[in-house]
Amino acid sequence: MFVEIVLTAIVFMFIGIYCILTKLQFITCDSNVCLNGKTALVTGGNKGLGYEIVLQLASRGCKVIIAARGVSEDLRKKIIKETRNPNVIMEYVDFSSFASVRNLAGKLKTTESKLDILINNAGVGKSLRTPTEDGHNRTMQVNHYSTFLLTHLLVDLLKKSENGKILFTSSFLAHVHVLTRRNVSRSGIPDAPLGNLDYSNSKFCSIISAEIFASKLKKWNINSNCYQPGIAKTEIFKETRKNLDNLLDTVIYFCTMHLLQTIFGVNPKLPSQTAVQIVIGDEFEHVTGVYVGKYFKDLKPRGARDDKLCEAIWKASEAAVRLKPEEKLG
Ligand SMILES: NC(=O)c1ccc[n+]([C@@H]2O[C@H](COP(=O)([O-])OP(=O)(O)OC[C@H]3O[C@@H](n4cnc5c(N)ncnc54)[C@H](OP(=O)(O)O)[C@@H]3O)[C@@H](O)[C@H]2O)c1
């Protein structure tokens, strides 16, 4: 019993120190660049981190498209009032449905002539473990597969930008993912042993996606990077609590994430600046394929440099989202 308590204390101390470090990692957005003439899509831009990113992009004159489920005219008016930028557009999308993702991409291809910035921000902490209409793990589909699909479908619009930017959103929890060469098969990414770990797996896939998109899109001068926002006080924790459907996930959640966000959680305005600086800052103009951190430049989780594992995840994702041959990137 004593050993267990000591071990738990050590683990908490370790996580606590790590959180302090990640808190110190935020990059402040000090760019004064004007984004007039640029178009950005922010998935999940209606609240939390995404909302703060939207405000910063819109206040610099960028045309901003917000894609989420909870979009409304009132919210659009609120953003326009605050930023004095009338170029704010709301689009409905449900990331638990590939049909909805395809609808969004199809619509954007008809309404937009180019896309300069794609912020892949939409995500859930933990979903219920009921499969989606596409038959996948819900957390994996919302956080990874749909983002992976949408990014593929928008590549043609990004190519029309002079220097397209894609930013994926990961989490420090990606470091505890449980994906291996052995358990990722061509037919898919397996459910994790615990619902909470599906989140870690999905966020590991964000890091892998950013890196592989970077290498495939370099020839079109499109940058693709990933960042992690530390712990920001947003509704993601409330949503996660609603979906805790077994005792072990509940205990782990309350002993780790709940405690950590209560102690270390920051205002989402802070980490959202990191995201904006990565896509507009001069120092990031030629940076691509990186998991960006202020002090730890590219601190990827174990497995992220294992080419075979990364390729297996990419192939499994292509199969899961049922990419058509012409949609695949060479
Ligand atoms: N907060 C943190 O401490 C933290 C830490 C690490 C990483 N992150 C990541 O940061 C990103 C933003 O999270 P947040 O903290 O800002 O949480 P949040 O306030 O709950 O925002 C999540 C966003 O994702 C959208 N979303 C969720 N399910 C969706 C679905 N099925 N279809 C379309 N959009 C959906 C939500 O919009 P609707 O519900 O209206 O659709 C909302 O805009 C996530 O990817 C999260 O994993 C957050």
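For the chain, complete DSSP H runs whose alpha carbons reach 18 Å or more along their own long axis and whose mean Kyte-Doolittle score is -0.5 or higher are 2-24, 98-111, 146-159, 195-217, 307-320. In the chain, a dipole from Cβ-located charges (positive for Lys and Arg, negative for Asp and Glu) runs towards its positive end, and of Ile280, Thr8, Phe204 it is Ile280 whose Cα lies farthest in that direction. Per residue, the chain reaches -13500 deg cm²/dmol at 222 nm when only DSSP H runs of four or more residues are counted, each adding -39500 (n - 2.57). Considering the options Phe168, His136, Leu217, tell which one lies farthest towards the positive end of the dipole of region 121-256, charges being +1 on Lys and Arg and -1 on Asp and Glu at the Cβ, about the Cα centre. Most positive-ward Cα: Leu217.
Around the amide H of Leu118, modelled in the peptide plane, lie the amide H atoms of Leu41, Lys165, Ile166, Leu167, all under 5 Å away and 5 or more residues distant in sequence or on another chain. Neighbours of Ser161 by Cβ distance under 9 Å: Lys/Arg scored +1, Asp/Glu scored -1, total +3. Dipole of region 42-92 computed with +1 at Lys/Arg Cβ and -1 at Asp/Glu Cβ about the Cα centre; of Met90, Gly48, Ser59, farthest Cα towards the positive end is Ser59. Name the residue, out of Thr262, Thr139, Thr234, whose mean-square fluctuation peaks in a Gaussian network model built on the chain with Cα pairs under 10 Å. Comparing Thr262, Thr139, Thr234 in the GNM, the peak value goes to Thr262. In this label model, Arg302 and Asp156 are separated by 4.3 nm, measuring between points 7 Å along each Cα→Cβ vector. Only Cα pairs under 8 Å and 6+ residues apart enter the sum, and on that basis the relative contact order of region 170-286 stands at 25 percent. Using C-alpha pairs under 8 Å with a sequence gap of at least 6, the mean separation divided by the residue count of the chain gives a relative contact order of 22 percent. For the chain, a Gaussian network of Cα nodes joined below 10 Å ranks Glu285, Glu235, Glu73 by mean-square fluctuation, and the top entry is Glu73.
Under 12 Å from the 7 Å Cα→Cβ point of Thr256, by amide nitrogen: which residues of region 160-198? Under 12 Å, as judged by backbone N against the label point of Thr256, lie 172-178, 193-198 of region 160-198. Applying 0.36 nm per residue to the separation of Lys315 and Asn32 and subtracting their alpha-carbon distance, the gain on full extension is 97.9 nm. The charge dipole of region 6-148, taken about its Cα centre with unit charges on the Cβ atoms of Lys, Arg (+1), Asp and Glu (-1) only, comes to about 180 debye. Each Cα pair under 8 Å and six or more residues apart adds its sequence gap; the mean of these over the residue count of region 1-134 is a relative contact order of 24 percent. Local charge for Asp94 was computed over the other residues whose Cβ lies under 10 Å away, with Lys and Arg +1 and Asp and Glu -1, and equals 0.
Computed about its Cα centre, the charge dipole of the chain is approximately 340 debye, with only Lys, Arg, Asp and Glu carrying charge at their Cβ.
A Förster distance of 30 Å, applied to the separation of the beta-carbon atoms of Glu327 and Lys81, puts the FRET efficiency at 0.20.
Just checking the listed ones, Val276, Val287, Val42: in the Gaussian network model of the chain with Cα springs under 10 Å, the one fluctuating most is Val287. For region 220-262, backbone nitrogen atoms closer than 15 Å to the point 7 Å from His286 Cα along Cα-to-C-beta are found at 221-223.
In terms of packing, defined here as the mean over residues of other Cβ atoms within 10 angstrom, the peptides 28-36, 116-124 line up highest first as 116-124, 28-36.
All of the numbers you see were taken from the coordinates with simple rules; none came from a lab. These figures come from a predicted structure and were not determined experimentally. Every residue, glycine among them, receives a Cβ derived from its backbone with ideal geometry; neighbour counts consider all protein chains shown.
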